[in-house]
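Working notes, beginning with the structure itself.
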Amino acid sequence: MTTPAAQIVDDAAYAQAVEDVVAAAAAYYTDGASPLDDDAYDRLVRGIAAWEAAHPDQVLPHSPTGKVAGGAVEGDVPHTVPMLSLDNVFSPEQFTAWTASLARRIGHEVERFSVEAKLDGLAVAARYTEGRLTRLITRGDGIAGEDVSHALGTLEGLPEKLEQPLTVEVRGEVLMTTAQFEHANEVRTAHGGQPFANPRGASAGTLRAKDRAYTVPMTFFGYGLLPLPDTDAELTERLDGLAHSELMALAARLGVHTTGATAVPTVTASTAEEVLERVREIAGLRAELPFGIDGIVVKADLAADQRAAGSGSRAPRWAIAYKLPVLPQIQS
């Protein structure tokens, strides 16, 4: 069931809502300790968007709408291709409306969707030069990210060397599994620190930490594979033509960890009804997974459909996040 958007009654309430969302986003993308849960955050953002649609001449310049990560984070390493956020839906009706809108945009029904768990971690880009892992970058503001290459070697599932000597970028999520989170808190408290509040906050703080007296492992799950400017033309053409499901299969063959070996592997579906059935399956498995998810990502699988749909300034038009209700946070 979709929770309603927050009701904003005047310009003062609008200004306060903008401040609350920007502050919450800054906290969330710094250490994962947002004062708003996902549901409250989403309701407030939708309320802001509704107010701005009705009062376009009163939009504040620091409004979070239309910005990656709510405009809360920046970076100094440019992305070769923008690293965007995803728009959200919260119900079967909203999802079906999105598929209809996508079909109108590309001029035909989507032939195939990919459906995958939306992992509750931090998006990063891992760059490989001739098969060697050379750099790790956060999403940042989507245009540029923060260099966190000091964390290389602490991420399970992100190989230092690919199975083939390719120059490519692998995009994915960094997170802590339940077991890794428990271990991280044991190590942290043993060194006199306070326990992490939740796995996402633990991942965010650990990924950025440069001078701790200890290290703890995290896990990487790949969700994208793309060429870099130095990638040879033949490989670039090949990658640009592959469907998302084919790219994920290639990433796995290269040795990158994906959801393929988990209880919620990425699958393809031909219709909206098949997608929604998979959404129900993943939602039913959620509580038993050894890592956190906060929704399901649905993408037009074929490269041609993605190109036809294009992207906005904040999110691709060919992908959507079907958000699930918030689960209680794991406590140490």
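Any read-out appearing in this document is the output of simple, stated calculations on the displayed coordinates, not a laboratory observation. The shown structure was predicted, so the numbers you read here are calculated from the model rather than taken from an experiment. When we count neighbours, we look across all protein chains shown, and the Cβ atoms used for this are built from the backbone with ideal geometry, even at glycine.
Computed from point charges on the beta carbon alone (+1 for Lys and Arg, -1 for Asp and Glu), the dipole magnitude for the chain about its Cα centre is near 280 Debye. A straight line joining the Cα centroids of segment 231-252 and segment 93-156 runs 14 Å. Note on residue 249 and residue 263: the extension gain reaches 3.4 nm, defined as 0.36 nm multiplied by sequence separation minus the Cα-Cα distance. Applying 1/(1 + (r/R0)^6) with r as the Cβ-Cβ distance of residue 101 and residue 164 and R0 = 56 angstrom yields a FRET efficiency of 0.90.
Each residue, residue 12 and residue 182, gets one label point 7 Å from its Cα in the Cβ direction; the gap between the two is 5.1 nm. Here's the picture: charge each Lys and Arg Cβ at +1 and each Asp and Glu Cβ at -1 in the chain, and of 194, 95, 15 the one pushed furthest to the positive end of that dipole is 194.
Take 234-241, 261-268 and order them by the average number of nearby Cβ atoms within 10 Å per residue, most first; the result is 261-268, 234-241.
Length gained on full extension, residue 60 to residue 156: 30.4 nm, using 0.36 nm per residue less the C-alpha separation.
For residue 234 and residue 287, the difference between the fully extended length at 0.36 nm per residue and the C-alpha to C-alpha distance is 14.8 nm.
Placing a pseudo-label 7 Å from each Cα along the Cα-to-Cβ vector at residue 274 and residue 135 gives an inter-label distance of 3.9 nm.
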